[in-house]
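Working notes for the structure below.
The values are calculated or read from the model by the stated rules, or taken from the named source; none is laboratory data. If you're wondering where the values come from, they're calculated on a predicted model, not measured in any experiment. Glycine gets a Cβ as well: all are built from the backbone with ideal geometry, and neighbour counts include every protein chain shown. SASA here: full protein model, heavy atoms, side chains in, ligands and nucleic acids out. Shrake-Rupley method; radii C 1.70, N 1.55, O 1.52, S 1.80 Å.
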Amino acid sequence: MRVLRRVTFTILLVLLACSGIGLLGGLNWFLDLFNSFRPQAVCVAALLMIYAVYFRWRSCIAVGLVVIVLNGSLMAARMIAFGGAEEADQAAKPVKLISANVLASNSQWSSVMNLVARERPDIIVVVEVTHEWADALKLLPKEYSHSLVEARFGVFGMAAYSRLPFTGHVLRVGARKLPLFYMDFGSFVVMAAHPPPPVTTELATEHRLYIEEIADRARQVAKPVIVAGDFNGTLWNNSMRPLPKAGLRSSHPSGLAFTWPRGFVPFAMQIDHVLVRDAAVSDFRVLMDIGSDHRPITTSFAPLTGR
């Protein structure tokens, strides 16, 4: 029993240390990665607290409470920052959007076609679009006649397809000239995003520049804005802070709609998002497996005019 108590206490101390390291995430990209796992820290600490309370291990209870309160309060603060989007009026006809990271190496084209046939979205945002994926997506129904496509070798190609007409262009961000789609639908603007994962100093810089570009563009637009894609960041990461400061709100502000990595629950996190400003949202869901390491997401939105 003494060994179990020591193990429990050690794990809780490690969780506390990792949680504290995340507080310094604004100083260094590597430290910010620890913020991605705040939900896991809460869950593990809560499970260990069951043992601690049952056996009355006071030191374990104390450390466990600190871990839960620290992470819970930080998550709650970010939920509040990203929250506040109005709920769409079901009497109106909102615009339905799907965002999917299809995985460049994935060849299950039919899974995406089946998803579109089942969900019938108005707008489809696709990232990791290779030339093979671009060819496969030409088989989408003819009603998706409005499109913007930039296929690439590697994982930073993108495409957008729509039933609704739009005028669009591709913004190039950072030293790598990564694509950021800007699509004007008349009464609202949609941006399709895929910043790089911040896992090296160079990529973290590119990620920061990309997120800042999204925030800057959103500030410049007077009409409602929707930003969808794979952000390679959770709501808890410091790198995502410019977005709520630009007025963007999450269509699922709990940040707990785990979208990646598919099939590996202990490290699951939500890095695929639909953010809105001056738009009401409804029916956010994580969708069926399409053979990718990500799960697609969908939400419906209704632009709020006169704001």
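The table for this structure:
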item	result
Count - residues of region 167-192 that are in a loop (DSSP other than H, G, I, E, B) and either hydroxyl-bearing (S, T, Y) or closer than 21 Å to V112 by Cβ (or both)	1
Residue tally, condition of a type in the set (K, R) and crowded, with 16+ Cβ neighbours inside 10 Å, over region 296-307	0
Residues satisfying the stated conditions in region 1-29, i.e. among the hydrophobic types (A, V, I, L, M, F, W, C), part of a helix (DSSP H, G or I) and in contact (Cβ under 8 Å) with a residue 24 or more places away in the chain	L4, F9, I11, L12, L13, L15, L16, W29
Residue within region 83-94 that is surrounded by 15 or more Cβ atoms within 10 Å (Cβ to Cβ) and free of Cβ contacts under 8 Å to residues at least 60 places away in the same chain present	no
Tabulated pairs, region 284-295, first open to solvent by 40 Å² or more (accessible area, probe 1.4 Å), second of a type in the set (S, T, Y), C-beta under 8 angstrom, 6+ apart or interchain	R285/T298; R285/T299; V286/T259; M288/S111; D289/S111; R295/T259
Set L115, L103, L97: member being in contact (Cβ under 8 Å) with a residue 60 or more places away in the chain, buried (at least 16 other Cβ atoms within 10 Å of the Cβ) and in a loop (DSSP other than H, G, I, E, B)	L103
Some residue of region 33-48 being more than 30 Å from E206 (Cα to Cα), surrounded by fewer than 20 Cβ atoms within 10 Å (Cβ to Cβ) and not aliphatic (A, V, I, L, M)	yes
Criterion violated by R277 - all others in (1) free of Cβ contacts under 8 Å to residues at least 60 places away in the same chain; (2) crowded, with 23+ Cβ neighbours inside 10 Å; (3) closer than 21 Å to N101 by Cα satisfied	(3)
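Quick grid of which residues meet (1) touching a residue at least 60 places away in the same chain (Cβ under 8 Å); (2) loosely packed, with under 15 Cβ neighbours inside 10 Å; (3) not aromatic (F, W, Y):
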residue	(1), (2), (3)
K142	no, yes, yes
T167	no, yes, yes
L171	no, no, yes
T201	yes, yes, yes
